[in-house]
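A short worksheet on the structure shown next.
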Amino acid sequence: MSTPGKPIAPLDKITLHIQAVPRCGNSGLQPAEADFTFICGIGSSGLMPFEHQLIEKTVGETVTMPVEPGVAEVIFGHLNCMLHQAIGITPPFDLHASVVSVTTPEGREVVKAMAQMTGGCGGGCSCGCGC
């Protein structure tokens, strides 16, 4: 259950409503929207730049960031494959992420999320993960 007003912190389970709006160079694509759920800060490199933007945000707040070609892996790190699968757009685009819920995950959810990070996306998606 989401706690009203709870600010995002590492190890919180977050659901975002994301919208990727294509920019110059992606003119033939339409904006993509999806809900995106993940556990914040479980990557082996610590918080990714995207996660840093979300820290201390609460339900209803929005983060907007430009995503340029060649930097998605740096910005999103271990979340890049999952994010690409959710929206299906490659950079350049503007990402708008609105916080839908912030909860404390169960231990098994954290373990499952960490296990999924090692598998990549399965390849062929052009997300840049190299699988």
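None of the figures in this text is laboratory data; all of them are computed from the coordinates on show. All of these numbers come straight from a predicted model, not from anything done at the bench. We place every Cβ from the backbone using ideal geometry, glycine too, and count neighbours over all the protein chains shown.
Odds and ends about this structure:
- For the range 34-112, pairs of C-alpha atoms spaced more than 14 angstrom apart make up 65 percent of the total.
- Local electrostatic count, GLN19, Cβ distance below 14 Å [Lys/Arg +1, Asp/Glu -1]: -2
- Relative counts (whole %) of C-alpha pair distances in the range 8-49, using bins that are 10 Å wide: 25, 35, 28, 12
- Spacing of the modelled spin labels on GLU68 and LYS6, each 7 Å from Cα toward Cβ, amounts to 3.7 nm.
- Stokes-Einstein diffusion coefficient of the range 17-74, Kirkwood radius over Cα pairs, 10 °C, 1.306 mPa s, in µm²/s: 119 µm²/s
- Label-point separation in nm, ARG23 to LEU47, each point 7 Å along Cα→Cβ: 2.3 nm
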